[in-house]
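Enquirer: Just passing along the structure, written as structure tokens.
The values are calculated or read from the model by the stated rules, or taken from the named source; none is laboratory data. Quick caveat, the model's predicted, so the values are computed rather than measured. We place every Cβ from the backbone using ideal geometry, glycine too, and count neighbours over all the protein chains shown.
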Amino acid sequence: MSDTPEASGTSGQPAPRKRWIPLLLLLVAAAVFIADQLVKNWVVANLPEGETVPVIGEFLQWHFVRNPGAAFSMASGSTWIFTILAAVVVVVILWQIRRLRSISWSIFLGLLLGGVLGNLTDRLTRDPGFPVGHVIDFISTPWMIPAIYNIADMGIVVGMVLFVLITLFGVPIDGSPRVRKSATGEREPHSDPELSEGNDGTP
């Protein structure tokens with residue numbers, strides 16, 4: 001007796017056990033956002049603004065600045081534009097949750113959402129006021145990049161690196177089988193062991 005579509009995972013529908021994956025996105029986003037805001041509040045309360053505080057020599061330093069521009073202090077003076085763009089990114093990510101069945105996509109979008117929300121919160125709540133508040137930057141690693149950044153920026157950058165890898169490997173956001181070329185040059189689905197779990201291999 002052949003397997004039912006629900007058992008074989010060949011009906012084209014995502015496996016039921018993958019429905020928890022959107023929750024992973026929200027957990028990753030929450031972790032990045034909470035860490036970013038807690039540390040920023042500590043920076044504002046405890047670090048002198050504009051002064052360099054060595055942490056590990058010149059390898060890692062704290063340097064508290066208020067950034068009116070984009071990530072890594074770029075494009076100062078266009079704060080309201082970045083506020084709008086950040087809000088659009090948040091809406092797009094939340095809209096994609098309904099299709100999400102891939103762990104790697106979930107982590108990428110979670111990192112991106114947490115980072116964007118972290119900096120967007122600064123623009124909406126910090127001086128000089130809504131919606132042009134300045135982002136709190138404080139991490140300085142001059143040996144790596146000549147810019148000051150924060151945890152939200154780190155989440156965004158790590159997320160984009162993961163996105164490049166996801167794109168190179170062709171991982172679909174909905175968890176469907178990847179497509180690869182056969183020896184004849186034709187495109188054929190690459191089976192996903194997680195989706196075919198439970199199939200007894202009978203025709």
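Enquirer: Here are ILE103, ILE107, ILE148, ILE166: which of them is of a type outside the set (Asp, Glu) and closer than 17 Å to ALA35 by Cβ? Talk me through it step by step, then tell me what you get.
Expert: Values: ILE103 fails: closer than 17 Å to ALA35 by Cβ; ILE148 fails: closer than 17 Å to ALA35 by Cβ; ILE166 fails: closer than 17 Å to ALA35 by Cβ.
Only one candidate passes the filter, namely ILE107.
Enquirer: Looking only at segment 131-178, filter to residues that are modelled with pLDDT of 90 or more and small (Gly, Ala, Ser); which one of those is nearest to ARG99 (Cα to Cα)? Please lay out each step first, then the result.
Expert: Here is the first cut: in segment 131-178, the residues modelled with pLDDT of 90 or more are 133-144, 148-173.
From what is left, the residues that are small (Gly, Ala, Ser) are 133, 140, 152, 155, 159, 170.
Values: GLY133: 33, SER140: 38, ALA152: 25, GLY155: 22, GLY159: 19, GLY170: 16 Å.
Only one residue tops the list, namely GLY170.
Enquirer: Right, another one. Based on this model, can you work out whether VAL39 counts as of a type in the set (A, V, I, L, M), assigned to a strand (DSSP E or B) and either at pLDDT 90 or above or surrounded by fewer than 17 Cβ atoms within 10 Å (Cβ to Cβ) (or both)?
Expert: Working: of a type in the set (A, V, I, L, M): yes; assigned to a strand (DSSP E or B): no; either at pLDDT 90 or above or surrounded by fewer than 17 Cβ atoms within 10 Å (Cβ to Cβ) (or both): yes.
Criteria not met by VAL39.
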